Amino acid sequence: MIHLEDVHKSFGSKNILNGLDLHVEAGETFVIIGRSGIGKSVTLRHIVGLLHPDSGTVRVFDDDLSTFSEKQLRQHRRSIGYLFQDGALLNWLSLEDNVALPLREHQAGTASEIQAKVLETLDHVELREHRHKLPTEISGGMRKRAGLARALVTDPKIVLYDEPTSGLDPISSSIINELVRDLQKKFGMCQVIVTHDMHSAFTIADRIGMLHNGRLQAIGTPDEIRNSSSDAVIQFVEGRIEGPLSHHGPADKSQSSVTGTKS
Amino acid sequence: MTSWVNGIGTLLVSAARSSGFGIDLVGQTLRATPCLLTYRRIKDVRDLLFGYILAAFPVTSLVSIVIGMILAIGMGVTLEDFGQEHRIGWLVSATIVREMGALMTAFILAASLGSGIAAEIGTMKVSEEIDALEVMSISPIKFLIVPRVVALILVCPIMTIYADLIGILGGSVISSSQFGVSFTTYQLQALDALDLRDVLQSIGKALVFGGIVAFVGCTQGLLTSGGATGVGQATRRAVVVSFLLVLVVGYIMSWLIYR
């Protein structure tokens, strides 16, 4: 469903993606882990067409995004939900109006149909009773859930999550994790999640990929990642200071070697 | 020396980039204006219009009345020397309606509303709300820029006419209290100084100034990067650039009108 092949992306002199290959199938929940500033969010932005690769191809639903006009890109994005780090809710709109926004702007039904859909979605994220509040009047966890409701209200086939549990207490994180798992079970959505939170990654992922040096250096199931012998993966999962991911540490040479031995 | 040259170079590149972006934004906004035919956008413009008028009303009132009083006292002292103090109304009215009204209103709107637009859109940019609109296939130009630009273009002439009236009123207070010119004489002189062409020129200038303030605010907002510091810088740049553009364009328009 999502295929990134040999994607390169630089900002100025800084190479962010360096031959990235990523393949996510329909109904799969794929979690991308990696250090801050390594290009995880940049990867998500390529999938939704907010960024374009310097070279390489990004294919979503079998369409090569580089061939799309701006109008086609807008159409493409309607099939994708995106949860931003802090929810990215519009501060002057209530939660209900925020969630209704994409439906109203695209005139996706009558006012009563939109209202019903919004309330149903707010029920999913348990925010119905807070629907009249402004984003500034609720907690960070609630903002993320409202952002998730807005991402889901258009019934997307793909949902992208940028750090869905960052800055949340463990209970709020678990609520989000539960929501993500429920969505996959109920609707079979294809989900790509960027996170640093290993507990969350192990809980929700079908597969996990570790991004390092602009590529996915390790891909595997949660168990495979947990038992990986890759120095980089071990360092990241265990949060060790010393190792190949440290600024001055040697680069990890392993490529897709999580299940096997270090190369 | 090298750092100075680098600094000037960076400034020029940044100015060229902002100018190019701003011109492109004007084109995109013009192309997107048919979106105003929808009820939702008309409602947005209406709400913004009332909000902008309310926000600009107190400061416009205060500045206009004081400017009118300053003009009256300055001109009155000179005219009194020639025994022509009854002409204060004529001069205050002509100065305010032909030049000062539109100019000072544009400055007030740049400082109060243009900076606010830059801060609002800049904050949305750094908190990914603009990206969120793109992801939802909602055009930020149609959703954010067009309503703000149209509302500000409409607010500027409305507030200019109001500023003209309040400024002339301020002058009348001084001319009556300090120079003994009756209200009736002042009003007759004020009306004598003007014809319809003056009023229409003032409104025309105000429309252009409103557009400048709106587009500069939106441009600086959309170019914001770097968190809270970036929002602060965008706000400051919006005010400075608006002031400069309004002055330059105002001069060109006056030259075209009177020469």
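Each value in this text was obtained by applying a stated rule to the coordinates, not by laboratory testing. Not measured: the values here are computed from a predicted model. Cβ: placed from backbone, ideal geometry, glycine included. Neighbour counts: every protein chain shown.
Of all GluC sites (Glu not before Pro) in region A:1-106, which ones are in loop regions per DSSP and have a Cβ with at most 14 other Cβ atoms within 10 Å? Could the numbers behind the result be given before it?
Values: sites: A:GLU5, A:GLU25, A:GLU28, A:GLU70, A:GLU96, A:GLU105; in loops: A:GLU25, A:GLU28.
Listed in order of number, the matching sites are A:GLU25.
Mind putting together the pair-distance distribution for region B:141-257? All Cα pairs, 10 Å bins, whole percent per bin, short to long.
The percentages, shortest bin first, are 12, 31, 28, 18, 9, 2.
I'd like the FRET efficiency for B:ILE42 and B:SER19, computed as 1/(1 + (r/R0)^6) with the beta carbon distance as r and R0 of 30 Å, rounded to 0.05. Spell out each step's value before the answer.
Values: r = 31 Å, r/R0 = 1.04.
The value I calculate is 0.45.
Using the crude model of +1 on Lys and Arg Cβ and -1 on Asp and Glu Cβ, and no other charge, please compute the dipole size for the protein assembly as shown relative to its Cα centre, in debye to 20.
Dipole of the protein assembly as shown, to the nearest 20 debye: 580 debye.
For chain A, give the magnitude of the charge dipole about the Cα centre (Cβ charges: +1 Lys/Arg, -1 Asp/Glu; no others), in debye to the nearest 20. Please report the intermediate quantities before stating the final value.
Working: 29 positive and 34 negative charges, 69 e Å.
Value, rounded to 20: 340 debye.
Relative to the present Cα-Cα distance, how much length would full extension add between B:THR33 and B:THR229 at 0.36 nm per residue of separation?
Values: separation 196, 0.36 × 196 = 70.56 nm, distance 3.22 nm.
Difference between extended and current length: 67.3 nm.
In whole angstrom, note down how far apart the Cα centers of region B:103-143 and region B:172-222 are.
28 Å
Which of these, B:PHE21, B:PHE215, B:PHE243, has the largest mean-square fluctuation under a Gaussian network model of chain B (Cα springs below 10 Å)?
For chain B, modelled as a Gaussian network with Cα springs under 10 Å, the answer is B:PHE21.
Would you mind computing Rg(Cα) / (2.2 N^0.38 Å) for chain B, counting N as its residues?
On the way: Rg = 21.0 Å, N = 259, 2.2 N^0.38 = 18.2 Å.
For chain B, the normalised Cα radius of gyration is 1.16.
Would you mind checking region B:60-74 for residues with the amide N under 15 Å from a putative spin-label position 7 Å along Cα→C-beta of B:LEU165?
B:60-62, B:64-65
In region B:57-258, if the dipole is taken from +1 on Lys/Arg beta carbons and -1 on Asp/Glu beta carbons about the Cα centre, which of B:ILE145, B:VAL59, B:VAL239 is farthest to the positive end?
About the Cα centre, the residue reaching furthest to the positive side is B:ILE145.
Considering just Cα atoms, how many Å³ per residue does the convex hull of chain A enclose?
Numbers: hull volume 35.2 nm³, N = 263.
So the per-residue hull volume is 134 Å³.
Please work out the FRET efficiency for the pair B:TYR251 and B:LEU11, using the Cβ-Cβ distance as r and a Förster radius of 35 Å; give the result to the nearest 0.05.
Details: r = 23 Å, r/R0 = 0.67.
Given R0 = 35 Å and the Cβ-Cβ separation, E is 0.90.
Tally Lys/Arg at +1 and Asp/Glu at -1 over every other residue whose Cβ is under 13 Å from the Cβ of B:VAL45; what's the total? Before the final figure, lay out each step's value.
Details: positive: B:ARG40, B:ARG41, B:LYS43, B:ARG46, B:LYS142, B:ARG148; negative: B:ASP44, B:ASP47.
Result for the neighbourhood of B:VAL45: +4.
So if R0 is 60 Å, what FRET efficiency would B:SER61 and A:ASP223 give, r being the distance between their Cβ atoms, rounded to the nearest 0.05? Walk me through the intermediate numbers first.
On the way: r = 71 Å, r/R0 = 1.18.
Plugging the Cβ-Cβ distance into 1/(1 + (r/R0)^6) gives 0.25.
At A:ASP123 and B:VAL240, where each label point lies 7 Å from the Cα along Cα→Cβ, what is the point-to-point distance in nanometres?
5.5 nm
What is the sum of charges, Lys and Arg at +1 and Asp and Glu at -1, for the other residues whose Cβ falls under 12 Å from the Cβ of B:HIS86? Let's see the in-between values first.
Details: positive: B:ARG87; negative: B:GLU80, B:GLU85, B:ASP192.
Its environment carries a net charge of -2.
Can you list, largest first and rounded to whole Å, the semi-axes you get for the protein assembly as shown by taking the square root of 5 times each eigenvalue of its Cα gyration tensor? Display every interim value, and only then the final one.
Values: eigenvalues 659, 127, 72 Å².
Working through the eigenvalues yields semi-axes of 57, 25, 19 Å.
For chain B, set up a Gaussian network in which alpha carbons nearer than 10 Å are linked by springs, and say which option among B:THR123, B:THR184, B:THR38 fluctuates the most.
B:THR38
With a 10 Å cut-off between alpha carbons and a GNM built on chain A, which of A:GLU163, A:GLU242, A:GLU224 moves the most?
A:GLU242
Evaluate the charge dipole of region B:57-258 about its Cα centre and quote only its size in Debye, nearest 20, assuming +1 on the Cβ of each Lys and Arg and -1 on the Cβ of each Asp and Glu.
Values: 9 positive and 13 negative charges, 58 e Å.
Dipole of region B:57-258, to the nearest 20 debye: 280 debye.
What nm distance separates the two modelled labels at A:SER112 and B:LEU207, each placed 7 Å from Cα along Cα→Cβ?
The modelled label-to-label distance comes out at 4.4 nm.
How far is helix B:2-32 tilted, in degrees, relative to the longest principal axis of the Cα atoms in chain B, given as a value from 0 to 90 rounded to the nearest 10?
For helix B:2-32, the angle is close to 90 degrees.
Lys/Arg Cβ at +1, Asp/Glu Cβ at -1, dipole of region B:57-258 taken about the Cα centre: which of B:PRO157, B:THR219, B:MET69 is farthest positive-ward?
Value: B:THR219.
Only loop residues by DSSP count here, and only those with at most 10 other Cβ atoms within 10 Å; note down the chymotrypsin sites (Phe, Trp or Tyr not before Pro) in region B:65-161 that meet that. Please list the in-between numbers first.
Values: sites: B:PHE82, B:TRP90, B:PHE107, B:PHE143; in loops: B:PHE82.
In loop regions of region B:65-161 (DSSP not H, G, I, E or B), the sparsely surrounded chymotrypsin sites (Phe, Trp or Tyr not before Pro) are B:PHE82.
Would you mind computing, in nm to one decimal, how far apart the modelled labels at A:LYS185 and B:ARG197 are, each placed 7 Å from Cα along Cα→Cβ?
My value for the distance between the label points is 8.0 nm.
Given the alpha-carbon gyration tensor of region B:25-109, what are the semi-axes of its equivalent ellipsoid in whole angstrom, ordered largest first, with each equal to the square root of 5 times an eigenvalue? Walk me through the numbers on the way to the answer.
Details: eigenvalues 326, 40, 18 Å².
Ellipsoid semi-axes (Å, largest first): 40, 14, 10.
So for chain A: antiparallel DSSP bridges make up what percent, rounded to the nearest 5?
Working: 20 of 37 bridges.
Rounded to the nearest five, the antiparallel share is 55 percent.
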